[in-house]
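Presented below is the structure to which this report refers.
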Ligand SMILES: Nc1nc2c(ncn2[C@@H]2O[C@H](COP(=O)(O)OP(=O)(O)OP(=O)(O)O)[C@@H](O)[C@H]2O)c(=O)[nH]1
Ligand SMILES: [Mg+2]
């Protein structure tokens, strides 16, 4: 792969819809392009039934890969049953609960083995509005990485979160930005889009983070490779059904992991 400079050297693109660096250039997507939403699930039976049709309804090129870690509530079985009637839905079953990061890496590899041009990350619990997908697709024409961001445009777009959780998330992004130099307002968000060449270049097997830290590491690796990133405002709505998998452990991993990421950068390993 040709040598790339880190994107956003002057911080542009961190606040609105303007990609910063000039590499790559604009691309167009045609009706034949395949676009994949990778959706990790753990006990999201009710949510999967609701969200998959909404995603597929947004664009005929979109497909969904549910990556399920053997959910006890039968999420995978339900998704497989839906897939018998819907050719654009796919299911990847994994043996046991192994974290969001591992599920995404498995989903990304699955995508790269096939001809998808864009790969999206999206939660299954209706926190991410499927109606925003066309905007993300559009933004991917001029940026190689599109970040759905809760904290751009001078607003905090989070609905129904307790204040404590919001503060952890907002200042968590500030902390990650300060420690790692990743110039994004929303470092931990999970509603993002990558052109396939980004995932191809990332050396996915080397990603070690698993929870919120995974989202930071993924974006940081893309940034270090010089891919152009843009943040697009999204609204994040707290889940209405199903249970959160957020835990103290996931937050603590992110707290120390950003320092690990900084050290990796200094050692030239990112
Ligand atoms: N396959 C898989 N999916 C997971 C795992 N942990 C979380 N997920 C899924 O990842 C997405 C995000 O997890 P959530 O529990 O919603 O995390 P969150 O959005 O920070 O927390 P809430 O606001 O409480 O929903 C959801 O679709 C989960 O079902 C896991 O270990 N394996
Ligand atoms: Mg959630």
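Only the coordinates and a few stated rules stand behind these numbers; no lab work does. As the structure is a prediction and not an experimental result, all values here were calculated from the model. Methodologically, a virtual Cβ is constructed for each residue, glycine included, from the backbone with ideal geometry; neighbour enumeration extends over all protein chains shown.
Filter the range 213-252 down to the residues that are away from ligand 1 (no atom under 16 Å from the Cβ) and part of a loop (DSSP other than H, G, I, E, B), then identify the one that is surrounded by the fewest Cβ atoms within 10 Å (Cβ to Cβ). So the residue we want is 226.
For every residue, the table says whether it meets (1) assigned to a helix (DSSP H, G or I); (2) free of Cβ contacts under 8 Å to residues at least 12 places away in the same chain; (3) away from ligand 2 (no atom under 16 Å from the Cβ); (4) touching a strand residue (DSSP E or B) at 6+ places or on another chain (Cβ under 6 Å).
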site: 110; (1), (2), (3), (4): yes, no, yes, yes
site: 119; (1), (2), (3), (4): no, no, yes, yes
site: 123; (1), (2), (3), (4): no, no, no, no
site: 133; (1), (2), (3), (4): yes, no, yes, no
site: 136; (1), (2), (3), (4): yes, no, yes, yes
site: 152; (1), (2), (3), (4): no, no, yes, yes
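Checking the condition closer than 23 Å to residue 219 by Cα and surrounded by 15 or more Cβ atoms within 10 Å (Cβ to Cβ), which residue from 113, 58, 144 passes? On inspection, the qualifying residue turns out to be 144.
Looking only at residues of the range 181-201 that are more than 16 Å from ligand 2 (Cβ to nearest atom) and within 14 Å of the chain's Cα centre (by Cα), we find that the one that is surrounded by the fewest Cβ atoms within 10 Å (Cβ to Cβ) is 196. Of all residues in the range 217-240, one or more are within 16 Å of ligand 2 (Cβ to nearest atom), touching a residue at least 12 places away in the same chain (Cβ under 8 Å), out of contact with any strand residue (DSSP E or B) (no Cβ under 7 Å at 6 or more places or on another chain) and over 23 Å from residue 145 (Cα atoms).
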